[in-house]
Amino acid sequence: MYKQTVKIVLMSLVLVMAQPVAAAVSSSAQMPEVREIQDQWARLYYMDEFNNQNFRELQDLATRANQLAQDHPQNAEVLVWDGIVLSTLAEKKGGLGALSLVREARLKLEQAEAIDPETLGGSVYASLGSLYSKVPGWPIGFGDDATAQQYFNKALAINPDGLDINYFYAEYLVDHGKETQALQYIERALNSPPMADRPVADRGRRQQALKLRADITGS
C-alpha cells in the first residue's frame with residue numbers, strides 16, 4: 001500500500017511540475033553561458049510536444065548548468081538556473097528519481113538565496129515557494145504550505161509586479177481554493193512589464209496565465 005501511495009503521489013508531482021521552479025524574471029545576467037541556458041530551457045519547456053530527443057537535450061542542458069554552477073559557485077544567477085533546469089528534468093523524468101532531482105534543485109536555490117536573495121528580482125523566493133507548494137509533504141517529500149506562503153510573501157515584497165512571481169502565487173491560491181483572490185494576481189501577471197530579453201519565456205508564461213484565468217472563469 002505504501003509503495004502504491006508513493007507512486008500515486010509522484011505521478012501527481014510530475015503533473016504539477018509542468019509549471020516548474022522557473023520563476024526567473026527578466027534577467028540581468030551578463031554571462032553569455034547563462035543566457036544560452038535560459039534560451040535553450042525556454043525552447044524546450046514551452047514547446048507543444050516533448051519527445052525522447054528533447055529529453056536528451058534537457059539532460060545535456062542540466063549537465064551544462066551543473067558544470068557552470070561548479071565553475072561559478074558564488075554566482076547566484078547561475079545557481080538559480082541550475083535549480084530551474086534540474087526541476088524541469090525532474091518533471092520530465094518522473095518516478096523516484098524526480099524527488100532526488102527536486103531536492104537537489106532546492107539545495108541550489110538555497111545556495112543562491114544565501115549569496116543574493118534578491119537576485120533575478122526575487123525569483124529565488126518564488127521558486128522555493130513553488131517547490132514547497134508542489135512537492136509532497138513528509139514522509140515522502142519536503143513540501144509545506146506554510147513555508148511556501150512565507151517564500152511567496154518575500155518574493156512579492158521584492159517584485160510585486162513580476163510576471164512569473166504573480167503567476168506562481170495565483171497558481172498556489174487556486175490550489176488552495178482561493179480562485180477569486182487568484183484572479184487579482186493573474187491580472188498583475190498579465191499586466192506586468194514584458195521580459196524583452198526573453199521573448200519565448202515571456203510569451204509562454206502569459207499564455208499559461210491566460211489559461212489559468214480561463215480555467216477559473218470558464219471563459
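Computed about its Cα centre, the charge dipole of the chain is approximately 560 debye, with only Lys, Arg, Asp and Glu carrying charge at their Cβ. Radius of gyration over Kirkwood radius for region 36-154, both on Cα atoms: the Rg/Rh ratio is 0.96.
The alpha carbons of region 62-117 stretch over 32, 20, 12 Å along the principal axes, in descending order.
Rolling a 1.4 Å probe across all protein chains gives Ile216 an accessible area of roughly 40 Å².
Packing-based ranking of 153-162, 138-147, 68-77 yields 153-162, 68-77, 138-147, ordered from highest to lowest mean Cβ neighbour count within 10 Å. Solvent-accessible surface of protein heavy atoms, probed at 1.4 angstrom with all chains present, puts Glu91, Glu104 in the order Glu104, Glu91, largest first. With a 1.4 Å probe and all protein chains left in place, how much of the accessible area of the chain comes from carbon and sulfur atoms, in whole percent? Here carbon and sulfur together make up 51 percent of the probe-accessible area.
Accessible area of Arg213 (1.4 Å probe, protein heavy atoms only, ligands and nucleic acids ignored): about 80 Å². Electrostatic bookkeeping for Val174 treats Lys and Arg as +1 and Asp and Glu as -1; over the other residues with beta carbon under 11 Å from its beta carbon, the sum is -2. Of the labelled figures [x] 48, 45, 35; [y] 39, 37, 37; [z] 51, 49, 34, only one reflects Cα extents along the principal axes in Å as derived from the coordinates, namely [x]. Along each principal axis, taking the top coordinate minus the bottom one, the Cα set of region 127-219 gives 40, 31, 22 Å in descending order.
Per-residue surface analysis assigns Leu107 an accessible area of about 90 Å², computed on protein heavy atoms at 1.4 Å probe radius. Sequence-ordered 3J(HN,Hα) estimates for region 157-172 from the Karplus curve with 6.51, -1.76 and 1.60 and θ = phi - 60° stand at 5, 7, 9, x, 10, x, 4, 5, 4, 5, 5, 4, 6, 4, 4, 4 Hz, glycine and proline given as x. Rolling a 1.4 Å probe across the protein heavy atoms gives the chain an accessible surface of 47 Å² per residue.
The values are calculated or read from the model by the stated rules, or taken from the named source; none is laboratory data. Here the structure is a predicted model, which means the values were calculated and not measured. Note: ideal-geometry Cβ built from the backbone for every residue, glycine included; neighbour counts use all protein chains shown. Keep in mind that these areas ignore ligands, DNA and RNA; they rest on the heavy atoms of the full protein, side chains included. Shrake-Rupley method; radii C 1.70, N 1.55, O 1.52, S 1.80 Å.
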